[in-house]
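What follows is a single structure, written as structure tokens, with notes after it.
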């Protein structure tokens, strides 16, 4: 029994010795330093310096603000009749460059009145109004002043001549054969001027010119 125990212990020592030798046969590896990459001088490039724009000082800002207050981007002057537009255009021709002035023409159309002719007196005109009411016509106006149309009956004012003629035709179908139209005003035209970016001196001279045209007005435009 003792002999068996001896051999078991001996075998265990041999195994432990062999294991220790196997582990120590392999020395611990140390981290090897990485090889530095070679530098290629021809690939080195200098970055351009950043240009810094100097900020405007208080004096420059004050001058800019003053200049802005002395100018107007757009000024509309009008309305002129045909003669006034021609005279004003001649006066500003030497003052302002042609590309800064724009002339706007506006057409004012005629107007047309549909009416029943003047009656002999107010009583007769009121009798005709009664006839209109019987036909279901309620849009009328008795003219009681003036001379040309006194005691006439207005049945509407139209900007379109065709619309006025259509109403006359309808009235005649209803038995008002004397219904007719009258041109209240003839076509006319007016003009305005757009003046862009005038400076302080030009604005002052414009004021002097406009003194000769008191009927026109001026306003800012876009």
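Remarks
- Calculated FRET efficiency for the pair residue 209/residue 163, C-beta based, R₀ 45 Å, to 0.05: 0.60
- Summarising the label geometry, the points placed 7 Å from Cα in the beta-carbon direction at residue 105 and residue 199 lie 3.3 nm from one another.
- Mean separation of Cα contacts under 8 Å, 6 or more apart, over the residue count of region 111-185: relative contact order %: 48 percent
Rule-based calculations on the coordinates, nothing more; no lab input. As the structure is a prediction and not an experimental result, all values here were calculated from the model. Neighbour counts run over all protein chains shown; Cβ positions are idealised from the backbone, glycine included.
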